[in-house]
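The values are calculated or read from the model by the stated rules, or taken from the named source; none is laboratory data. Keep in mind it's a predicted model, so treat the numbers as computed, not measured. So basically every Cβ, Gly included, is an ideal-geometry build from the backbone, and we count neighbours across all protein chains shown. SASA here: full protein model, heavy atoms, side chains in, ligands and nucleic acids out. Shrake-Rupley method; radii C 1.70, N 1.55, O 1.52, S 1.80 Å.
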Amino acid sequence: TQENNKKRNKPNILVSGTPGTGKTTTSSALAEATQLRHINVGDLVKEKNLHDGWDDELDCYVINEDLVCDELEDLMEEGGNIVDYHGSEFFPERWFDLVVVLQTDNTVLYDRLSNRGYSQSKLSNNIECEIFGVLLEEAKENYPEDIVVALKSDTIEDITRNMTTLSDWVRNWHPPA
Ligand code: ADP
Ligand code: MN
């Protein structure tokens with residue numbers, strides 16, 4: 001529709017990936033380097049109650065996707081957002097100029113998630129998700145392939161390199177003609 005064709009002057013980036021791959025670390029560093037706005041969707045869901053209660057089995061909030069999208073629409077239209085969320089499927093495709101999927105070696109990820117005190121089932125669900133590349137598949141299914149980029153996030157050096165890659169991308173971004 002017409003309404004969806006408004007141009008933004010700054011890009012919107014989605015940073016996705018299995019929990020523990022470094023989305024929040026990467027997003028906050030990138031926000032600092034670029035002056036874009038970091039939106040941690042998990043925190044927002046908690047703060048603004050954009051959920052339908054707690055899922056005991058999955059040990060997480062049942063996110064209300066419509067409420068989250070309504071909450072973010074104006075900011076996304078304005079542009080200049082780094083959206084930090086593990087998944088990518090329920091956001092409107094038109095929101096994003098770049099979709100980053102962070103990936104971590106599963107032994108490294110195992111240690112990170114154990115340090116977080118994840119339960120055994122939550123731990124194995126997430127490790128399996130990473131081994132099967134679920135979130136990269138999801139991103140490729142939901143966005144044009146040329147805006148999806150997978151970045152390795154095993155070490156601090158990876159963070160440094162990703163920061164260079166992503167801040168260069170932001171600097172070189174121009175609104176589509
Ligand atoms: P997410 O937001 O994806 O769940 P975090 O950014 O919270 O992940 O990172 C999880 C933990 O792993 C943190 O302790 C963070 O410091 C560490 N970490 C994340 N990415 C890396 C990396 N590339 N190298 C080393 N440690 C990392
Ligand atoms: Mn996080």
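For region 72-85, check the following and say yes or no: at least one residue is within 12 Å of ligand 1 (Cβ to nearest atom) and within 18 Å of N126 (Cα to Cα). Looking for residues that are within 12 Å of ligand 1 (Cβ to nearest atom) and within 18 Å of N126 (Cα to Cα), one finds at least one in region 72-85, hence yes. Restricting L166, L102 to residues that are within 12 Å of ligand 1 (Cβ to nearest atom) and in contact (Cβ under 8 Å) with a residue 40 or more places away in the chain narrows the list to L102. Are any residues in region 10-65 among the hydroxyl-bearing types (S, T, Y) and more than 13 Å from ligand 2 (Cβ to nearest atom), and if so, which ones? Matches in region 10-65: T34, Y61.
Among the residues that make up region 121-136, is at least one of them hydrophobic (A, V, I, L, M, F, W, C) and touching a Lys or Arg at 6+ places or on another chain (Cβ under 8 Å)?
Within region 121-136 (the criterion being hydrophobic (A, V, I, L, M, F, W, C) and touching a Lys or Arg at 6+ places or on another chain (Cβ under 8 Å)), the answer is no, since none of the residues qualifies.
Being surrounded by fewer than 16 Cβ atoms within 10 Å (Cβ to Cβ) and touching a helix residue (DSSP H, G or I) at 6+ places or on another chain (Cβ under 6 Å) holds for only one residue in D84, D59, and it is D59.
Restricted to region 47-122, the set of strands (runs of 3 or more DSSP E) holding at least 2 residues that are under 16 Å from the mean Cα position of the chain (by Cα) comprises 81-84, 98-103. Scan D70, D111 and give me the residue that is open to solvent by 70 Å² or more (accessible area, probe 1.4 Å) and over 21 Å from T26 (Cα atoms). Only one candidate qualifies: D70. Residues of region 143-151 include none that is more than 13 Å from ligand 1 (Cβ to nearest atom), buried (at least 19 other Cβ atoms within 10 Å of the Cβ), part of a helix (DSSP H, G or I) and of a type outside the set (D, E, K, R).
Of all residues in region 33-46, those that are of a type in the set (S, T, N, Q) have Cβ atoms under 7 Å from Cβ atoms of residues that are outside any strand (DSSP E or B) and modelled with pLDDT of 95 or more, 6 or more apart or on another chain, in T34/S167; T34/V170; N40/T24. Being open to solvent by less than 10 Å² (accessible area, probe 1.4 Å), assigned to a strand (DSSP E or B), of a type in the set (V, I, T) and touching a strand residue (DSSP E or B) at 6+ places or on another chain (Cβ under 6 Å) is a property that I39 lacks.
Of all residues in region 87-108 being touching an Asp or Glu at 6+ places or on another chain (Cβ under 8 Å) and open to solvent by less than 30 Å² (accessible area, probe 1.4 Å), which is nearest to I156 (Cα to Cα)? Result: T104.
For region 106-143, taking the residues that are of a type in the set (A, V, I, L, M) and in contact with a strand residue (DSSP E or B) (Cβ under 8 Å, 6 or more places away or on another chain), the one that is farthest from E89 (Cα to Cα) is identified as L136.
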